[in-house]
1. Starting from segment 138-181, pick out the trypsin sites (Lys or Arg not before Pro) whose DSSP state is loop and whose Cβ has at most 13 other Cβ atoms within 10 Å.
2. Using a 7 Å offset from the Cα along the Cα-to-Cβ direction at both PHE28 and GLU2, what is the distance between the two label points in nm, to one decimal?
3. Kindly identify the chain as rounded, prolate or oblate by the Cα gyration tensor criterion: order the square roots of the eigenvalues as a ≥ b ≥ c, call it rounded if a/c is under 1.5, otherwise compare a/b with b/c, prolate if a/b is larger, else oblate.
4. Pick out the long, greasy-scoring helices in the chain: whole DSSP H runs spanning 30 Å or more along their own axis by Cα, mean Kyte-Doolittle at least 1.0.
5. Which of SER226, SER196 has the fewest other C-beta atoms within 10 Å, and how do the rest follow up to the most?
6. By how many nm would the segment from SER112 to SER144 lengthen if fully extended, with 0.36 nm per residue of separation less the alpha-carbon distance?
7. For ILE195, what residues show an amide H to amide H distance below 5 Å, using hydrogens built from the backbone and excluding near sequence neighbours?
8. For the residue pair GLN89 and VAL17, what label-to-label distance in nm results when each label sits 7 Å from Cα along the Cα-to-beta-carbon direction?
Amino acid sequence: MEIWNLFYDYFLIAMAVFAGIVFILLQFVTVPYGMTFHNRWGISVRSNLGWMIMELPVFLTMFLIYLFSLAYNIKPFNFVTFSIFVLFQLHYLQRSFIFPMLMRGTSKMPVSIIATGFFFNTCNAFMQGGWLFCFSPVDQYPISWFWSPQFIIGTILFFIGMIVNMHADRIIRKLRKNDQDNNYYIPKGWPFKYISSANYFGELIEWLGFAILSWSFAGVVFFLWSFANIVPRSKEVYERYTQFFGDDFKKLNRYKIFPFIY
């Protein structure tokens, strides 16, 4: 078990370093999906199918790690870790099943992007599930963790971020008139008043909250990965809005993702 603990620690460090590399690369590479889609990255499939395939591994792998931990009695059942697990799964239940089914339009996503997302999500399930059910100290999460500042603040941020993310996604989705409408429109109203990527802002807040409520390096690494992917993506989205709508968008004076900052 000591070897596995060492492997897990080095894996987290490697993933944190890799997140930094990805952040730098994405300053120069535009990932082709959604508003930035093009067909130069190979075979593509419908975006709703792509999202489901890409997000499902983390949902299923977390369940498998949880069941594995119980079956082999790696750690005793813990109400706190189970609650953190439920919060995590709640996001991916929505992201893996509900979000793809609600998508409008016939936009596409390259299989290469789906494959990289599939791989990362599997790794992330190992990071989060591994910490909660295998590698965290047995006394890390006593029942008193439920009323600790970390859990309270982190849970509040988690749900605020989830609400912002889902509400922003709903606004964007409702802009399209029907399932055949592939046009893009400028989202307006809260939470888009000051930023153009309110959905991404909500997701960042959500995973910052998760890192705080779990108070784990695994949660921090996941937040770093979210930041590394989402912040460059917000710049690309901002540029596409500017390209598509010109002065109609510029006059809104929106920031990219962080109100009054960036």
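What follows draws every value from the coordinates through simple rules; no lab data is involved. Since the structure is predicted, the reported quantities are computational estimates derived from the model, not experimental observations. Counting neighbours? That spans all protein chains shown, and the Cβs are built from the backbone with ideal geometry, glycine included.
1. Numbers: sites: ARG170, ARG173, LYS174, ARG176, LYS177; in loops: ARG176, LYS177.
Within segment 138-181, the qualifying trypsin sites (Lys or Arg not before Pro) (loop, at most 13 other Cβ atoms within 10 Å) are LYS177.
2. Label at PHE28, label at GLU2, 4.3 nm between them.
3. Values: a/c = 1.94, a/b = 1.67, b/c = 1.16.
Taking the square roots of the gyration eigenvalues as a ≥ b ≥ c, the chain is prolate.
4. Details: long enough: 2-25 (34 Å, 1.75); 47-71 (36 Å, 1.54); 149-174 (37 Å, 0.92); 217-245 (41 Å, 0.37).
Helices passing the filter in the chain: 2-25, 47-71.
5. Values: SER226 20, SER196 24.
Ranked by crowding around the Cβ, least crowded first: SER226, SER196.
6. On the way: separation 32, 0.36 × 32 = 11.52 nm, distance 4.44 nm.
Answer, rounded to one decimal: 7.1 nm.
7. Counting only residues 5 or more places away or on other chains, the set is TYR255.
8. Once both label points are built, they end up 3.4 nm from each other.
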